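The values are calculated or read from the model by the stated rules, or taken from the named source; none is laboratory data. Everything numeric here is computed off the predicted structure, so don't read it as measured data. FYI the Cβ positions are ideal-geometry reconstructions off the backbone, even for glycines, and counts take in every protein chain you see.
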Amino acid sequence: MTTTDTTTDPAAFAAPEPPPAPGDAPTFGRRKEGTRPKRVSFVLVTYDARDAPTEHTLTARAAVDTASVFGFGRSGQNLGAQIAAIRNLLMRTLVDDDGIGIHEGTEQVAPAPDNPDTMVPVEGLDAADWSMSDLAWRTPDGAVHDTAEAAAAHTREHGSSLRRFTAIMDDDGLSVEQSALEEILDFLMTEAADRPTQRSSASSRSRPRKGR
């Protein structure tokens, strides 16, 4: 048997071959030009502490994210893990461009020193140019509010489907039936299988439980 001393073999110290140029590497997952996952709308009903129902109309892409499906499969029989996996999957399908986006925030504004009718960010003003009585809050859609609470309420009401769903799931004062989340997931998977794309121009299995 012949052995090679890698400490003296020049091949052992040879530089690795460079990776292929981006244009030469195979590409996977790109959507066909001019198409996007079909969008579908549905209504989610929540209940407050007095069991009063509220309907929320949400829009989602009829395309189930593969990574989320794998995560759901790994959740096993643990109920909490199942709910978390369903929530994660739904958040990946809900659209974020039909209202104020989930990462868009409000900004503090005050009247411009040279034009009181125009509100400008406080961050760019000198301390002498504004007072607390002038302070207002502007939401990403351009609406100006006198209080931070009013701005927050406006953002919740006019938020995107993703933003509103996230707020619902994080609200300790609202209850969501676990069966509702499962049925939404079944609905989206069926829509994805039946009508997966469109032109870019344009079952209860568990006991009711708060979907947190």
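One residue stands out among those in the range 73-86 that are surrounded by fewer than 18 Cβ atoms within 10 Å (Cβ to Cβ) and part of a helix (DSSP H, G or I): the one that is modelled with the highest pLDDT, which is ALA84. In the set (1) at pLDDT below 65; (2) closer than 22 Å to THR166 by Cα; (3) of a type outside the set (Asp, Glu), THR6 fails one condition alone, (2). The residue that is nearest to THR59 (Cα to Cα), counting only those in the range 153-164 that are of a type outside the set (A, V, I, L, M, F, W, C) and in a helix (DSSP H, G or I), is SER161.
Note on the range 171-181: residues that are surrounded by fewer than 18 Cβ atoms within 10 Å (Cβ to Cβ) and under 14 Å from THR93 (Cβ atoms) amount to 0.
Taking (1) surrounded by 13 or more Cβ atoms within 10 Å (Cβ to Cβ); (2) part of a strand (DSSP E or B) in turn, ALA150 satisfies each apart from (2).
Report the residue count in the range 115-147 for those that are part of a strand (DSSP E or B) and either hydrophobic (A, V, I, L, M, F, W, C) or surrounded by 13 or more Cβ atoms within 10 Å (Cβ to Cβ) (or both).
Taking the range 115-147 first, the residues part of a strand (DSSP E or B) are 115-121, 136-138, 144-145.
Now restrict to residues that are either hydrophobic (A, V, I, L, M, F, W, C) or surrounded by 13 or more Cβ atoms within 10 Å (Cβ to Cβ) (or both): 119-120, 136-138, 144-145.
Count: 7.
Within the range 162-170, does at least one residue satisfy the condition of being hydroxyl-bearing (Ser, Thr, Tyr), closer than 30 Å to ASP51 by Cα and surrounded by fewer than 19 Cβ atoms within 10 Å (Cβ to Cβ)? Looking for residues that are hydroxyl-bearing (Ser, Thr, Tyr), closer than 30 Å to ASP51 by Cα and surrounded by fewer than 19 Cβ atoms within 10 Å (Cβ to Cβ), one finds at least one in the range 162-170, hence yes.
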